[in-house]
1. Is it the case that some residue within the range 189-204 is outside any loop (DSSP other than H, G, I, E, B), under 17 Å from T303 (Cα atoms), among the β-branched types (V, I, T) and in contact with a Pro (Cβ under 7 Å, 6 or more places away or on another chain)?
2. Being in a loop (DSSP other than H, G, I, E, B) and more than 30 Å from D141 (Cβ to Cβ) is the filter here, so list the residues in the range 42-53 that pass it.
3. Considering each residue of the range 418-442, count those that are outside any strand (DSSP E or B) and either aliphatic (A, V, I, L, M) or open to solvent by less than 20 Å² (accessible area, probe 1.4 Å) (or both), and give that number.
4. For a quick check of your reading of the model, give me the residue pairs whose first member lies in the range 3-15 and is without any contact (Cβ under 8 Å) to a residue 12 or more places away in the chain, whose second is open to solvent by less than 80 Å² (accessible area, probe 1.4 Å) and part of a loop (DSSP other than H, G, I, E, B), with beta-carbon atoms closer than 7 Å and at least 6 apart or on different chains.
5. As an exercise: evaluate R29 against (1) over 29 Å from E180 (Cβ atoms); (2) open to solvent by less than 70 Å² (accessible area, probe 1.4 Å); (3) not in a loop (DSSP other than H, G, I, E, B) and give the number of the one condition it does not meet.
6. Taking the range 269-312, which residues are β-branched (V, I, T) and open to solvent by 90 Å² or more (accessible area, probe 1.4 Å)?
7. Let me spell it out: the conditions are (1) over 26 Å from E180 (Cα atoms); (2) among the acidic types (D, E); (3) at pLDDT below 90, and E102 meets all of them except one. Which number is the exception?
8. Could you figure out which of (1) open to solvent by 80 Å² or more (accessible area, probe 1.4 Å); (2) over 23 Å from the mean Cα position of the chain (by Cα); (3) at pLDDT 95 or above isn't true of I197?
Amino acid sequence: MDHLEKVRAQILEETKLGRLVPVNHTPFRLNAIGAIPKAGSEEIRRITDTSRPIGSAVNELQKDMPFSLESIDVFLTKIKKGYYIALVDLCTAYRFIHIFIEDWDVQSFEFEGIFYQDRFMGFGLKIAPATFSMLTTAIRDRLEKLLGIPIGVYLDELAPAGPSYKIVMEALILLVTMVESLGFQVNWKKLQKPSKIVKYLGLIINTDTMTVSIPQDKMQEIKAEILEALKLESLSLKQIERLVGRLNFYSRAVRGSRTFMRRMLDYLKFRKRTGQVAPAPLLKGLRNDLIWWDKMIEICNGTAHIPQDLAAHWATDASLIACGAVFHKEAFVLKWTHPMTSYHINILELLTVLFSLRRWANQMSNSIVKLLVDNSVTMSWINRGKTKKSEKPKDFQEWEDSAMDILREICFLCIKYNVAVTAQYIPSAENVIPDALSRLEFSKIPQSLQLTHLTAPPASLGSWQ
């Protein structure tokens, strides 16, 4: 085993703390253990492999606990210019959560001839992240309600934010007091007092300039990885996995850029599902996405501005006859022509959003915009930046998803003009003007609106390429 001395020392320490207990009997379940180094540290994390044996593993016997972690995008929408942010990191997070006495044998293992019961939740247990996330989210919710300030939370990292140093410092003290009273231990080396420049989840947030950026060394690593991939005709499964990992990190800094990872993510799943480990040709769509990433990193230089002001509501609608949209005192209507008359209504609704952005994205620049739509599928596509898995053909080689092509251009325009779009569903009865435009019922349109009749789409699809 790699890191044997460190594993031995950690087991000894946790035995002293009472988390691990040597036992004389043979536990009914013995699991393999391993160790992985912590990023940017000489410390290791001991892992208990509860995913084996297949068919009767501990993880297979646990109920799924679906949960989602708060993305940095959500946290950024809560902070304002000049805010102070503090950081609290909890040590060995899961290892402070007790498990039921009946389950003490479940995480047991043997090390150097001694059987150990693990009486606290361990790394490797399937339900551990969801369980811990529920706890820290509950702490966050309680403090936000009590203090009236936003607090970011991502597993064991919490980030209170507020308009003054004093307010955030008081929140920091209360947060530390609360987590310690619950039995958790604060990592004092990583604790950061209130500041306008902080490194949260690996990204640098500056509330004076209202920017979020990737550290330069990370950005250079990502760019080098992309350029190396573009030189090759074929990529192995490991190379695809490494690329996805790098770009996934970058996408946390640039809102909407994850849409340009969808093909790679789907291709990675396809390769894994079909057992293609050896190098395979780099498909045209994937190459185009990598070229886009290379250019976007160069343009953004690893930095994105955090949208602040709510520009206004913006509403769209489409029918099989025409489409229409309204923003401020402007509106447009476009009557469909061939081949759009044969498109599915969901595609027409999405095209209407795209045509709207082509007209008004420059007016929405550096702002948050709420898009009102009466089509739940369009709302889902916009908010998730992707279509559903069930809507994708099985043969990846011939896959040409028109909805994703439209979404890519929508996301490109949002990134280019720094627009944060959130779609919200409203009933058709409330979406009055766009609905009337889509049905060419001009008598229902207020005279105060500056209405433009479009005769053709502003440009061809795929202009983002």
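The values are calculated or read from the model by the stated rules, or taken from the named source; none is laboratory data. Just so you know, these numbers come straight off a predicted model, no measurement behind them. No Cβ is skipped: glycine too gets one built from the backbone with ideal geometry, and neighbour counts run over all protein chains shown. The accessibility values were calculated without ligands, DNA or RNA, using every heavy atom of the protein model including side chains. Shrake-Rupley method; radii C 1.70, N 1.55, O 1.52, S 1.80 Å.
1. Let us first name the residues in the range 189-204 that are outside any loop (DSSP other than H, G, I, E, B), namely 192-195, 197-200, 203-204.
With under 17 Å from T303 (Cα atoms) added as a condition, the list becomes 197-200, 203-204.
Now restrict to residues that are among the β-branched types (V, I, T): 197-198, 204.
Cutting the leftovers down to in contact with a Pro (Cβ under 7 Å, 6 or more places away or on another chain) gives us 204.
Scanning the range 189-204, I find at least one residue that is outside any loop (DSSP other than H, G, I, E, B), under 17 Å from T303 (Cα atoms), among the β-branched types (V, I, T) and in contact with a Pro (Cβ under 7 Å, 6 or more places away or on another chain), so the answer is yes.
2. So in the range 42-53, the residues in a loop (DSSP other than H, G, I, E, B) come out as 42-43, 50-53.
Of everything in the range 42-53, those that are in a loop (DSSP other than H, G, I, E, B) and more than 30 Å from D141 (Cβ to Cβ) turn out to be E42, E43, S51, R52, P53.
3. Start the filter on the range 418-442 by keeping residues that are outside any strand (DSSP E or B), which leaves 418, 426-442.
If we keep only those that are either aliphatic (A, V, I, L, M) or open to solvent by less than 20 Å² (accessible area, probe 1.4 Å) (or both) too, we end up with 426, 429, 431-434, 436-438, 440.
Number satisfying all stated conditions: 10.
4. Nothing qualifies.
5. Failing condition for R29: (3).
6. First, the residues of the range 269-312 that are β-branched (V, I, T): 274, 277, 291, 297, 299, 303, 306.
Residues satisfying the conditions are V277, I299.
7. Failed condition: (3).
8. (2)
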